[in-house]
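The structure under discussion appears below in the form of structure tokens.
Every read-out reported here was derived from the displayed coordinates using simple, explicitly stated rules and does not represent laboratory data. Treat the numbers as computed from the prediction; the structure is a model and nothing was measured. Neighbour counts are summed over all protein chains in view; Cβ atoms, including those assigned to glycine, are modelled from backbone coordinates with ideal geometry.
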């Protein structure tokens, strides 16, 4: 009896471990619409326990820890290659409630946008293999863009990159038809003791319009967005209140103008319009 119980406990533990996964996506994006050949790359994580998920960028993790280090030490070694508001959010999903929540922090204030409308897909019979996974094609018009997704019924999770979900299998790859934003699965990890937690307490619910107004205000009033400043060999850096970090050459004369230019060069968000 004890042996059977031990086996049962073991199987439950193994099942739990293997149901906790991290899906790593390569994210390629064009930050400036005037320079379509300038493509940047980052990596995004989708952590899932098969009931809930959290989607976030590796850049955000670096930025968050860096900002704390900057607050403690104004002279540190750091290399942040670009400023981009497409990388400073966190998205949580609850599968049973079909809810999607966009989380962002600005100037110490935490905001969230909640969506519960299901995404309407057109599923095609077209299939292809991506990274040894058999995938099926689906399309949708969302956020002012036309999207082409490839999902795999072999991974029975109705989830995917960013806010995308509601397909009969994990979304392996998705990109808009103009290839401004592209996400593709590169790795699957089994994570023991995966914690789908975050600092989501005391958030203020806002609308997509209010979020856009917040971003616009940050662009126009760059000085109000500057948090901590740090220096290193040949550069001067700024940890911005919106979660980004900007580095400039130490010989820069008009710092305010260059900071504004850095922000203006990221004019190609994932969402052109609200749902």
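Worth pointing out:
- Modelled this way, with points 7 Å down the Cα-to-C-beta line, the labels at residue 186 and residue 207 are 3.9 nm from one another.
- Which of 124, 152, 34, 57 has the fewest Cβ neighbours within 10 Å, and the rest in rising order: 34, 124, 57, 152
- Residue order, fewest to most beta carbons within 10 Å, for 199, 42, 37, 159: 37, 199, 42, 159
- Ranked 121, 150, criterion: other C-beta atoms within 10 Å, fewest first: 121, 150
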